[in-house]
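**Q** Could you have a look at this structure, given as structure tokens, before my questions?
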Amino acid sequence: MAEKEKTYDEAGIAEKLADLPGWFYENGWIRRNYKTDGWPTTLMLVNAIGYLAATHLLSRGCRTLAYLTTEPAWDFIQLRGQGFALAAHRAGCAAEAFLVGQDEALTKFFCAETKLGRTLEDVVDEVVRRRPAGLFVSRDEEVVQVYRLLAERGVVPGRDVHVISCDNENVRLSMLHPRPATIEIGTCEIARRAVRRLETRIHHPSEPPVRILANPRLVLPPATAVTGGRD
């Protein structure tokens, strides 16, 4: 019978990592410090996500666009919004951002026209009042709630407003009708590449860092992808 592989508690993991230059254990995570230009070794083209979302809505004929998020303080959410605003600006279209929160300082990270709401219900009320033609909801987790709130206010996604979200979470999106377009950020590919790089750096710690990019991809609902129908 094969000898059982040794396991380590948190203290043991931290002790082992102490022997590897730059590696450390913090709050349940194994982390690595790199002397780079400030970018993580493996990253998504975060601005491109927002840019891709706006480009899709523009291709659907939308000329007034809006970005909605419940987490405006998150860095990657801000970057998605900036990419979205840039695409709208280059197309000569109006773009607004709708944020859940009360921190006015966060509005500067989004569109020129950015509105705050205390709750998601307040924000959706404002979206309905403004009635943009295209709406980018920052995450699939949020779009499920947004669909429900829009329906309660008599607004039908796909008919009254085109909607796109992000993360390609099939479990969440499968509950929605009509199913919105979404953006696949390549999470699995990022994880595979990160593990491969981690293994390489463990065995070759002096090897210079490599920047790995994962391109986001537009995922259309099945009917749209086949027939070119509405979202």
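Table: residues versus (1) in contact (Cβ under 8 Å) with a residue 12 or more places away in the chain; (2) more than 26 Å from residue 221 (Cβ to Cβ).
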site: 93; (1), (2): yes, no
site: 97; (1), (2): yes, no
site: 104; (1), (2): yes, yes
site: 143; (1), (2): yes, no
site: 171; (1), (2): no, no
site: 177; (1), (2): no, no
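**Q** Just give me the residues in the stretch 95-124 being surrounded by fewer than 17 Cβ atoms within 10 Å (Cβ to Cβ) and assigned to a strand (DSSP E or B), in sequence order.
**A** Listed by number, the list holds a single entry, 113.
**Q** In addition: Given the stretch 125-222, what strands (runs of 3 or more DSSP E) lie entirely inside it while holding 1 or more residues that are among the polar types (S, T, N, Q)? Please lay out each step first, then the result.
**A** Details: elements: 134-137, 162-164, 182-184, 212-214, 217-219.
Ranges flagged: 182-184.
**Q** With respect to residue 119, is the statement that it is within 20 Å of residue 67 (Cβ to Cβ), more than 20 Å from the chain's Cα centre (by Cα) and at pLDDT 95 or above true? Explain how you work it out, then say what you get.
**A** Details: within 20 Å of residue 67 (Cβ to Cβ): yes; more than 20 Å from the chain's Cα centre (by Cα): yes; at pLDDT 95 or above: yes.
Answer is yes for this residue.
**Q** Filter the stretch 78-114 down to the residues that are closer than 16 Å to residue 135 by Cα, of a type outside the set (A, V, I, L, M, F, W, C) and more than 20 Å from the chain's Cα centre (by Cα) and list them by number.
**A** If the condition is that a residue be closer than 16 Å to residue 135 by Cα, of a type outside the set (A, V, I, L, M, F, W, C) and more than 20 Å from the chain's Cα centre (by Cα), then 89, 113 are the ones that fit.
**Q** Can you tell me how many residues within the stretch 41-59 are over 15 Å from the mean Cα position of the chain (by Cα) and at pLDDT 95 or above? First the steps, then the outcome.
**A** Restricting attention to the stretch 41-59, the residues satisfying the condition of being over 15 Å from the mean Cα position of the chain (by Cα) are 41-42, 55-59.
Going one step further and asking which of them are at pLDDT 95 or above, we end up with 55-59.
Qualifying residue count for the region: 5.
**Q** Would you confirm, using the coordinates I've provided, whether residue 126 is of a type outside the set (Gly, Ala, Ser), in contact with a Phe, Trp or Tyr (Cβ under 7 Å, 6 or more places away or on another chain) and more than 28 Å from residue 189 (Cβ to Cβ)?
**A** Numbers: of a type outside the set (Gly, Ala, Ser): yes; in contact with a Phe, Trp or Tyr (Cβ under 7 Å, 6 or more places away or on another chain): yes; more than 28 Å from residue 189 (Cβ to Cβ): yes.
When the stated conditions are applied, residue 126 passes them.
The values are calculated or read from the model by the stated rules, or taken from the named source; none is laboratory data. Keep in mind it's a predicted model, so treat the numbers as computed, not measured. Here the Cβ is made from the backbone with ideal geometry for all residues, glycine too, and neighbour counts use every protein chain on show.
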